Amino acid sequence: MWSWMMLGLESNRVIGLRLAKLMRGGKAAQREAQRMVSEKVLAAAKAGTSLMAGASGDKIVAQYRRKVAANAKRLSRKQTRKRKTR
């Protein structure tokens with residue numbers, strides 16, 4: 001039960017980070033929106049496959065938590081802009 005609650009809390013943080021990025025707009029926001037949708041489709045497919053293979057609910061939640069943790073790490077990094085040289 002603890003891992004399920006933690007998934008909810010961790011996911012909430014990622015949602016906040018993603019919303020902030022999407023509100024800034026631009027190409028980065030567009031890439032993030034596309035990435036978000038494709039990740040969700042792939043994660044659902046992987047969860048379904050795992051479930052059909054006999055994985056427990058806790059195993060599936062652990063898969064989601066690993067992905068959520070990776071997204072939180074990526075989204076919370078300070079972005080440095082590359083400057084164009086003339």
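A short reminder: the numbers here are calculations on the coordinates, not readings from a lab. None of the values given here were measured: they were computed from a predicted structure. Cβ: placed from backbone, ideal geometry, glycine included. Neighbour counts: every protein chain shown.
At-a-glance table
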{"item": "Linear extension gain, Arg24 paired with Glu39, 0.36 nm per residue minus alpha-carbon span", "result": "3.3 nm"}
{"item": "The chain pair-distance distribution - Cα-Cα, 10 Å bins, rounded %", "result": "15, 41, 28, 12, 3, 1"}
{"item": "Computed [θ] at 222 nm, deg cm²/dmol, the chain (DSSP H ≥ 4; -39,500 (n - 2.57); rounded to nearest 500)", "result": "-28500 deg cm²/dmol"}
{"item": "Region 1-44: Rg to Rh, with Rh as the Kirkwood radius over Cα pairs", "result": "1.07"}
{"item": "Simple spin-label estimate for Thr49 and Leu9 in nanometres, 7 Å along Cα-Cβ", "result": "3.1"}
{"item": "Count, lysine Cα pairs under 23 Å in the chain, 8 or more residues apart or across chains", "result": "22"}
{"item": "Kyte-Doolittle mean at least -0.5 and Cα axial length at least 24 Å: DSSP H helices in the chain", "result": "2-24, 26-52"}
